[in-house]
1. Relative to the longest principal axis of the chain, what angle (0 to 90°, nearest 10) does the C-alpha long axis of helix 112-178 take?
2. Pick out which of GLN35, GLN411, GLN301 has the largest mean-square fluctuation in a Gaussian network model of the chain, springs linking Cα atoms closer than 10 Å.
3. Given PHE324, ILE398, ASN357, which one lies farthest toward the positive end of the charge dipole of the range 317-437, if we put +1 on the Cβ of every Lys and Arg and -1 on the Cβ of every Asp and Glu?
4. How large is the charge dipole for the chain, taken about the Cα centre, if only the Cβ atoms of Lys, Arg (+1) and Asp, Glu (-1) carry charge, to the nearest 20 debye?
5. Can you give me the C-alpha center-to-center distance between the range 375-437 and the range 305-364, rounded to a whole angstrom?
6. Any lysines with Cα under 24 Å of the LYS405 Cα? List them, leaving off those in the same chain fewer than 8 positions away.
7. Between LEU303 and ASP91, what length in nm is gained on full extension when 0.36 nm per residue of separation is reduced by their alpha carbon distance?
8. Mind telling me which of TYR286, TYR362, TYR277 comes out most flexible in a GNM of the chain, alpha-carbon contacts under 10 Å?
Amino acid sequence: MRNFLLLIQLLILSATSSAQQLLTIEQAIATALKQNFDIQLSKNDSAVAALDYSFRNAVFLPRINGTFGSNWTNNNQNQRFQDGTQRKLNDIKSNNFNGAIQLNWVLFDGLKMFATRDKAKEFISLGELGIKNQVINTIASIVQNYYAIVRQKQQLIAIDEQISLNEERVKLAQYKLDIGVGAKPDVLQSKVDLNTQKALKLSEENLMIQFREQLNQVMNIEAKSNYSVSDSIPINLELSLSDIKMNLENKNPILLITQKNIDIARYTLKERIAEKYPTFSLNSAYSYARTNNKATVNPFQPLYSRNFGRNIGFSLSVPILNNFTTKRQIKQAELDIQFRQLEYQNQLTLLDFSIINAYNDYELQTKALKLEEENILLAKENVAIVFEVYRLNSTTLIQLKEAQKSLQDAQTRLINARFNTKLAETELMRLKGDLLK
């Protein structure tokens with residue numbers, strides 16, 4: 001009878017789930033990678049670096065500026081000369097127009113332009129690593145939230161099984177009371193236990209809603225999206241510490257980001273050192289100037305003049321003394337490299353510590369999982385036996401309740417052990433940088 005009722009509930013649950021679209025873990029990850037806000041923000045930061053890199057060769061190009069101007073004047077002039085003569089003229093109007101195109105091309109600056117170009121390339125790599133790190137963290141969050149929903153789904157199935165057992169227990173206690181071999185307290189206690197399980201189911205369903213909302217937020221989809229999740233939690237029980245630590249420096253995104261910051265700091269040092277050397281530049285211009293005077297007091301002053309032409313030359317700027325600014329900046333760049341290297345060593349130490357702790361947790365959870373898989377078989381067999389003995393009126397309700405409680409606890413521990421093992425596995429893969437294939 002119990003198995004028949006459980007089968008009916010499973011069929012109802014299956015029919016409800018079939019009305020919903022199944023969301024696999026792969027689909028959840030793909031949706032998050034496409035729509036997650038944190039990933040989009042990381043891509044935006046990388047796009048800024050990519051834009052700078054697209055103009056990397058501009059540092060080798062000359063600078064060309066155009067200047068244009070015009071001026072109108074209206075003056076009164078009065079001139080008195082040494083021989084006593086005087087010239088006076090009012091309302092003298094004139095206009096002036098000038099323009100120039102100037103070129104400045106730095107031909108040598110201590111190789112600073114090459115360091116700046118290569119530094120832009122490193123910022124591209126840094127942006128890509130930032131995206132990779134955010135993607136890995138998002139995948140880990142998806143896995144955690146997705147399987148938290150699966151855990152709740154399994155927990156609800158376990159509660160439904162308990163409800164079925166309690167419903168059958170209520171019927172059996174009432175039947176025994178009706179035929180005169182039972183007691184009224186057994187019926188009342190069985191009904192109380194049944195209502196307790198129903199209340200627990202409501203609480204677990206509310207948790208299920210909360211976990212779904214968390215998953216929806218990470219995937220950046222509508223809060224009321226209707227979907228079902230898988231029924232099981234796949235676990236890799238073959239992870240080894242040596243495999244996790246293998247080639248870690250080339251896979252963990254945090255270490256790669258820290259290493260990339262060291263490379264960028266080295267290019268910054270090259271830029272500062274380049275400022276110690278002279279700057280050799282090519283200068284050229286084409287200019288045009290025109291002046292038109294309506295009248296002049298000075299007879300040697302032209303009424304109209306125009307000048308235009310080109311010029312070319314070279315300039316050499318030699319740094320001699322700039323308040324030791326360059327020397328100070330070089331020292332700062334060297335200290336920044338040392339800081340970045342210490343930061344890398346610190347991250348490496350922290351990562352090794354985190355991996356060891358995560359692997360110890362993984363081993364503990366896998367052992368607990370194997371133990372709980374054995375316990376659940378024992379607990380189910382025990383409930384079946386005690387239930388039949390209670391049916392034959394050869395045991396008490398208290399013993400049956402204890403057997404049911406043991407089964408319920410075993411189910412909860414098994415479900416949590418599977419979930420916790422999956423979390424430990426995911427954390428190891430996140431630390432290694434292998435969540436992104």
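Read-outs: derived from the displayed coordinates by stated rules, not from any lab. Keep in mind that what you see is a predicted model, and the values were worked out from it rather than measured. Cβ coordinates were reconstructed from backbone atoms using ideal geometry, including for glycine residues, and neighbour counts include every protein chain displayed.
1. Here the helix axis deviates by roughly 20 degrees.
2. Comparing GLN35, GLN411, GLN301 in the GNM, the peak value goes to GLN301.
3. The one lying farthest along the dipole's positive direction is PHE324.
4. Details: 52 positive and 44 negative charges, 568 e Å.
Rounded to the nearest 20 debye, it is 2720 debye.
5. Between the Cα centre of the range 375-437 and that of the range 305-364, the gap is 56 Å.
6. The reachable lysines, counting only those whose Cα sits under 24 Å from LYS405, are LYS153, LYS171, LYS176, LYS184, LYS191, LYS198, LYS201, LYS367, LYS370, LYS380.
7. Working: separation 212, 0.36 × 212 = 76.32 nm, distance 1.47 nm.
Extra length available between LEU303 and ASP91 comes to 74.9 nm.
8. It is TYR286.
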